[in-house]
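One structure below.
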Amino acid sequence: MILVDFLKSGFNRAVSKFRLSLYLWLIMFIISLIIIVPVSYEVRANLGHLAWTEKPLMPFELNLIEIFLANQNLLASYSVFIIIMLLFSVLLSVFLSGGLFGQMLSPEARVSFRDFLVDGCRHFWQFLLSLIIFIPFLLIFFLVFRLLSAPLKLWSARAVTEWPVILASWLTVLLLALLWTAFRLVLDLVRIFVVGESKRAMAAYLSTLRFLHRHFFRLWSLYLLIGLAVILISAGWLLLVKLLSPASPAGLLIIIILSQAYILFRLLARQILIGVEASYFSARKEI
Amino acid sequence: MKKRNKSKMLAACLFISMLLFPGIIPGLAQERPVIYKLAVELLPETASLQAKETIVWTNLSHDYVPDIHLHLYWNAFKNELSTLAKEASREKLFKRFKAEKGEWGWIKITSLTTSDGQDLLPAAVFISPDEPPNPDDQTVLRVVLPQPVAPGQSLTLNIDFQAKVPKNGLRTGYFQDGFFISQWFPKPGVYEEGRGWNCHEYHLNSEFYADFADFKVKITVPKDFVVGACGQEVEKTEDLAAGRATYTYAQENIHDFAWTASPRFIKIERWFKGEEEVTPEEYQQIAGLLGLSIQDLKLPDVRMILLIEKQHKNQVERHFRALRAAIKYYGLWYSPYPYQTITMVDPPFRTGSGGMEYPTLFTAGTSVILEKDVLSPEGVIIHEFGHNYWYGLVASNEFEEAWLDEGINTYSTSKVSAVAYGAGRLPLKINGLPLGWLIKMPAVYDWQLGRTISVPVTKLDPIVTPSWKFYNSGSYSLNVYYRAATSLYTLERLLGEKIWARVMRTYHQRYRFRHPRTEDFIQVVNEVSGQNLNWFFQEFFYQAKDFDYAISYVETKLKPHEYQGVFDDLPASTQSQSKVESRKNPVRGKEKIYETVINLRRYGEAKLGPGFTLKLKIEFEDGSTEWREWDGQSRWHRFCFEKPVKIKQVWLDPEGLWLVDTNLSNNSYSRLGPGIRILSVTANLLWLVQNVLVTCFSWL
């Protein structure tokens, strides 16, 4: 199989199980709503009766900043709420990953919400463990990043014009993204081993490292291709939204629909990535 | 006798100045207490200066002055014990001044003698005049004189000094072969009659204060360097054998001197032509506003010099357009620019010297990638040029009352920017890459943004606070720049455009080439407006008080046709004998009547002054409006209405006069609210949080 075949296969697998993206979207939609309720309430309480004219004294964005500044006393309690929600989101993400990998690697063509939740529960502990074991990898990631970005930093520090600084900064971001995808690949494959080969987390890491020793660059290029497509589509989406005006109800409705479509797209992209990795793994695991 | 002595001394001073400045206008020189003659050589390989200086200081007071205080500002970068370093460290900014070996900056006087050769160095000690005292600071040198300088007498000091340019300085510095040199020479403080020397240490949150002087400065640099400096270049000589060039600059009646040198500058000159820049209609309009003749407003030609880094050469037109706008409007509104040149410097990269003002020279600051509708560098250019008016000409004490230059100038900048460019889009950049083409950012006027961001410091410090005594850098900058400007905008709206324009022009003209204080500004405001506005300055400048009036509660409900209960239906004398169980509304019969209650609150401590009221505009559904006024003295006030229609909208201060109000969002009420904007905010927030969650999910 050539790379395009893996992309095609992964794409087909993701599209046939598109429901998974819908499940994820729904869950995240609800969590997001819970997170924004206090802010939304404050905005409504403070600005819900703001009289609006053709030429307002202040742009609405500054009204928002103003009420944020006027309600700083609420910030501390809201921050605690956000931290709790973020911790919860970490655990939830592990759970949802379990469901997603479980269903994506399942030979069953049909997916159901129940099975998705069951897979989430089934793989939760091994996935959480794999995440904890990934922490030393993160340290290596930062070390490698610092080493590789050092020449860029040096180049930038000596520059007498702005361009080298900007270029070095872009290259650093690019380096960060490339390294992150490379390291991130490890965690994905570990989870494929956990689900597909019923391995425990530590054993899955060893198998993953062995597998990547032979297949790293091909898999990584697949990852990067999908990542590049996501970036390009995201930029296109932002440009499209920029053209629309939220001032009219119809415009706002379209923006809301497009925004949710974008979230679905990002979830589907994740699904496609897992699908491609899984296809590659299935085809090459014996080699 | 005293007077005759003084005249003699002034004549001597004039004679010396004529020797030093052959081109200066006699008569003007005697007004100025200081004359400088400097010769400096830049040694780029060691980033150091070798210099000789002659200071002629004339005692224009009636005091006998026993000593002289000199600023040695670069010692602020000498070590971690300077007042600047300590203040920066307290604000967690110390790494900004942290230097490698050989990168610390300092200034060392190697010789200090009087004109008759008396060595004054043994009598020189570093002092720490500010609170809290810092005995380790070496930025103010007190030199005890062999005999006091009598009123009208002059003192001549001959100084040799060496200085090391700080690598990561504040407002001055170098990087590789690019240099920006400011606050670099020993400079006397300002002698204030009866109060002594006003000579402060170099502080983190403060700029400068000095006396008007005449400068003649010779600058020697490698010959491939392009040089820019305050004043006019009057001579250039080259020593080809040594590979050096010497530039001579001279300028009368300025109070500081800065210069820059870099091989990467392009030097471009243009002329500001008063006749071409201002249309007859504009002259007419401003003349009407100020009550002056057009002849009084005529703007002279000014030579504009731009030193721009080669990497920014595609932005030359943007720089000149902004400078022309600044020269035009500051000139028309406040008075013509009095000097013949203005030098605009795109500062050498990484010298830490951008966005800074010096008389007849200022630094801007730009980036290689710019967006058209983000008004940078324009805002910086207008602001820093504007300091030639507020700091350069009206030379207030930046240490003690920074608002007088920064606040007034921020206000002026905002006015010029609005009339020349309109609202500017907020910038959004990631790693130097502007994202305005991808994400729509709101367009705002400077005053709108300024009033909003200054809200958090309202209760932290009064605007009139010595610069180094603010709670922190944030409070300093937001108070003296933005809260002060917002207060001035409020005054303008309260007094009206015409009176305010005359206030500002009068203040500028009266205190040109002088050192006014806040009381002088207040006095001009009161005098020109014909009102006593002391309360305004007490509330908003001398105290840290929150000013927030609000519509706290609006209720409109249908008045019942019948009231339940026991009512007297007979004349008072017989009421106990006859009662009815219910009574119809006698006023309108079956017509619907709405009772509307509007509660106003004063949440802040600050309040309106005598004679001032807040207007309340009430709009009903049938389009009718009612106006009420509230003197705002009590903590709350209630207005009640009975009308056959419901209320539609209410505005407190509908004309938007009180921009100092820290929360304008609670100044209006509408049953409909701001339409779909709230939904739009909620949708955007939701989308943002969803993206965070998706990212978290994808990574974990």
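The values are calculated or read from the model by the stated rules, or taken from the named source; none is laboratory data. Please read these numbers as outputs of a predicted model, since none were measured by experiment. Because the Cβ atoms are built from the backbone with ideal geometry, glycine has one as well, and the counts that use them run over all protein chains shown.
Things worth noting here:
- Within region B:646-685, if we keep just the residues that are more than 31 Å from the chain's Cα centre (by Cα), part of a loop (DSSP other than H, G, I, E, B) and not β-branched (Val, Ile, Thr), the residue that is nearest to A:ALA247 (Cα to Cα) turns out to be B:GLY675.
- For region B:274-285, the criterion of being within 30 Å of B:PRO166 (Cα to Cα) and either assigned by TED's automatic domain parsing to the domain that holds B:GLU45 or of a type in the set (Val, Ile, Thr) (or both) is met by no residue.
- Checked against the criterion of being among the β-branched types (Val, Ile, Thr), crowded, with 18+ Cβ neighbours inside 10 Å, in contact with a helix residue (DSSP H, G or I) (Cβ under 9 Å, 6 or more places away or on another chain) and away from every other protein chain (no Cβ under 14 Å), the candidates A:VAL118, A:VAL111 yield just one match: A:VAL111.
- In region B:291-315, the residues that are surrounded by fewer than 18 Cβ atoms within 10 Å (Cβ to Cβ), part of a helix (DSSP H, G or I) and of a type in the set (A, V, I, L, M, F, W, C): B:ILE294
One line per residue, one yes/no per condition, for (1) more than 10 Å from chain B (Cβ to nearest Cβ); (2) closer than 30 Å to A:PHE124 by Cα:
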residue	(1), (2)
A:LEU179	yes, yes
A:GLY196	yes, yes
A:ARG214	yes, yes
A:GLY227	yes, yes
A:SER234	no, no
A:LEU243	no, no
A:PRO249	no, no
A:ILE254	yes, no
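- Flag if B:ASP177 is farther than 21 Å from B:THR248 by Cβ, more than 27 Å from the chain's Cα centre (by Cα) and in contact (Cβ under 8 Å) with a residue 24 or more places away in the chain: yes
- Against the test of being at the interface with chain B (Cβ under 9 Å from one of its Cβ atoms), buried (at least 17 other Cβ atoms within 10 Å of the Cβ) and more than 25 Å from B:ASP548 (Cβ to Cβ), the options A:LEU33, A:LEU92 yield a single qualifying residue, A:LEU92.
- Within region A:153-176, the set of residues being in contact (Cβ under 8 Å) with a residue 12 or more places away in the chain and more than 12 Å from chain B (Cβ to nearest Cβ) comprises A:LYS153, A:TRP155, A:LEU175.
- Residue match in region B:334-351 (condition: surrounded by fewer than 19 Cβ atoms within 10 Å (Cβ to Cβ), farther than 23 Å from B:GLN251 by Cα and more than 14 Å from every other protein chain (Cβ to nearest Cβ)): no
- Take the conditions (1) assigned to a helix (DSSP H, G or I); (2) more than 9 Å from chain B (Cβ to nearest Cβ); A:GLU54 misses just one of them, which is (1).
- Scanning region A:11-64 for residues that are polar (S, T, N, Q) and modelled with pLDDT of 90 or more gives A:ASN12, A:SER16, A:SER21, A:SER32, A:SER40, A:ASN46, A:ASN63.
- Summed over region B:651-688, the residues that are at the interface with another protein chain (Cβ under 7 Å from one of its Cβ atoms), more than 30 Å from B:VAL457 (Cβ to Cβ) and among the hydrophobic types (A, V, I, L, M, F, W, C) give a count of 5.
- Flag if A:LEU7 is facing chain B (nearest Cβ under 10 Å), under 29 Å from A:GLY196 (Cα atoms) and either out of contact with any strand residue (DSSP E or B) (no Cβ under 6 Å at 6 or more places or on another chain) or not basic (Lys, Arg) (or both): no
- Every residue from region B:274-308 that is closer than 25 Å to B:GLU233 by Cα and at pLDDT 95 or above: B:LEU299, B:PRO300, B:ASP301, B:VAL302, B:ARG303, B:MET304, B:ILE305, B:LEU306, B:LEU307, B:ILE308
- Of residues in region B:507-564 being assigned to a strand (DSSP E or B) and hydroxyl-bearing (Ser, Thr, Tyr), the one nearest to B:ILE647 (Cα to Cα): B:THR556
- Test: residue in region B:353-373 that is within 20 Å of B:LEU449 (Cβ to Cβ), buried (at least 24 other Cβ atoms within 10 Å of the Cβ) and either in contact with a helix residue (DSSP H, G or I) (Cβ under 6 Å, 6 or more places away or on another chain) or not assigned by TED's automatic domain parsing to the domain that holds B:GLN509 (or both): yes
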